[in-house]
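Below: the structure, in structure tokens.
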Amino acid sequence: AIEDGERSEFEGTLEYVAARWREADRGTLRHAFPLLARGRPVAPESLAERAGVSVAMADTAMRSGPLGLDADGALSELFGVMQAPTLHRVEVEGRAGFTCCAVVAHTLPALVDQAVTVESVDPLSRRVIKLRLSPRFHRASPAFDGSRLFPDDAPNADLAGVRDAFCSHIKHFADRASAQEFAALNSRRQVVSVVELHALARQLVSRIWSD
């Protein structure tokens, strides 16, 4: 179970991440998730068509938050959903992309409103964990646990700092022993169940991306 103090720490992290997105055009950007999950950068024209806005409005939205653009000005990363390979591969309708960490992989079904297949690599054993996630339930084979770490002094951290202090510690593991070994390397890490991880992901979506 997650203790009250641990919930308070995660609440602080949620608030920090949410604050970074307050000035972003989230109403328009949310339409980019199904496009980005297809494994290709999203051009302003594609986002405009999907969101029902002008190309100029889409282009402005794509520059309104802490996201990534490629050399052609297309959206290549949004809220940790990205093109660059990571330990967390996500597949939507047979097309693959990646996420920066395990918790972002768990947000994707709600963000694209459909089931997502996730293949994560245990950072210690290098075993592959395959999951089928939906907005309402999850299935995993084999069963696994997740690890998370709350960043120190989050309000003063930049995006790279948050990734180093938070995202890079949230992994999937093939078994509890592997998760506990990983957690033991840092006193602020803790092991959580996949159910708890899924619940934390839903909190992120609700706080930042809900209408």
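All of the numbers you see were taken from the coordinates with simple rules; none came from a lab. Computed from a predicted structure; not experimentally measured. All Cβ positions, even for glycine, are placed from backbone atoms using ideal geometry, and neighbour counts span all protein chains on display.
Would you grab the residues whose amide H sits under 5 Å from the one on residue 127? Only those 5+ places off in sequence or on another chain, please, with H modelled 1.01 Å from N.
Under 5 Å from the amide H of residue 127: 122.
Run the quick spin-label model on residue 60 and residue 45: label points 7 Å from Cα toward the beta carbon, then report their separation in nm to one decimal.
Placing both labels 7 Å along Cα→Cβ, they lie 2.1 nm apart.
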